[in-house]
1. In segment 141-168, which residues are among the hydrophobic types (A, V, I, L, M, F, W, C), buried (at least 17 other Cβ atoms within 10 Å of the Cβ) and at pLDDT 85 or above?
2. Can you name every residue in segment 28-37 that is in contact with a helix residue (DSSP H, G or I) (Cβ under 8 Å, 6 or more places away or on another chain) and open to solvent by 40 Å² or more (accessible area, probe 1.4 Å)?
3. Suppose we filter segment 126-135 for residues that are closer than 26 Å to Val78 by Cα and either open to solvent by less than 30 Å² (accessible area, probe 1.4 Å) or polar (S, T, N, Q) (or both); how many remain?
4. Can you tell me which residues in segment 197-221 are of a type in the set (A, V, I, L, M) and modelled with pLDDT under 95?
5. From (1) modelled with pLDDT of 95 or more; (2) under 17 Å from Ala95 (Cβ atoms); (3) open to solvent by 60 Å² or more (accessible area, probe 1.4 Å), pick out the condition that doesn't hold for Glu194.
6. Which one of Ala25, Ala40 is open to solvent by 20 Å² or more (accessible area, probe 1.4 Å), in contact (Cβ under 8 Å) with a residue 12 or more places away in the chain and over 15 Å from the mean Cα position of the chain (by Cα)?
7. Which one of Leu179, Leu171 is surrounded by 15 or more Cβ atoms within 10 Å (Cβ to Cβ) and of a type in the set (A, V, I, L, M)?
8. Condition first: more than 14 Å from the chain's Cα centre (by Cα), among the aliphatic types (A, V, I, L, M) and open to solvent by 10 Å² or more (accessible area, probe 1.4 Å). Now tell me which residues in segment 91-125 satisfy that.
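The values are calculated or read from the model by the stated rules, or taken from the named source; none is laboratory data. No experiment lies behind these values; they were computed from the predicted model shown. All Cβ positions, even for glycine, are placed from backbone atoms using ideal geometry, and neighbour counts span all protein chains on display. Side chains are part of the model used for accessible areas, which takes the heavy atoms of the whole protein and leaves out ligands, DNA and RNA. Shrake-Rupley method; radii C 1.70, N 1.55, O 1.52, S 1.80 Å.
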Amino acid sequence: MTLVKVGAATDVGRHRSLNEDALFAGQMLFVVADGMGGHAAGEVASRLTVEIFKGVDLGEPSVEDLRRAAASANDAVVAHAVAHPESQGMGCTLAGACVVESGGLPHWAVFNLGDSRVYALAQGRLQQLTTDHSEVQELVAAGRITHTEARTHPMRHVITRAVGEIPPALLDLVLVPALSGQRLLVTTDGLTSEIDDDEIAAVLRETTEPQVVAGLLIDKA
């Protein structure tokens, strides 16, 4: 049996009246979604996506379950946009981690679409396990800008993959061995666009209590 201690928090911030983030922290699955596409539509996209992913947190989740959930979420968001023309262009980013079995051993299936992220803290060092699907990440990968420049680049909010696309975007997914004492952070860009990785790592090192960490990170952002 895999036992996970979890903390979770979200906040609307200081610039918007509607929180378009959604999250779920279950027994095996931990996921966030960040809505986009205008007032209300983004909130619907993230909520639909997380509600569908909740179904994975039953029994013994698999990588195939996660891919099916991503496909079903994409279908649901697209269908809502068709039924509600005022919501055209709606979608959301997605990131999460789920305990699955691989080779008889527990692993984290780490997945994402867009610029929501999953991090791991090991031996005091923070490692980003996901790769952003964004214009600035492509520029960084091509060596045209630095990670520091990417934080203020005018294209930093342009996403290249998301839930709600036609055809559906490919879900990135990697398997990471699940180890005792391992610490993961699943977050939207509401955190990472406000504070850098060094600041995030400092908060994670400050305390091992997950709910306290969640509150401190929101306060920092």
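1. Passing the criteria: Ile159, Ala162, Val163.
2. Scanning segment 28-37 gives a single hit, Met36.
3. 5
4. If the condition is that a residue be of a type in the set (A, V, I, L, M) and modelled with pLDDT under 95, then Ala221 is the only one that fits.
5. Looking at each condition in turn, Glu194 falls short on (1).
6. Ala40
7. Answer to the selection: Leu171.
8. Leu105, Leu121, Ala122
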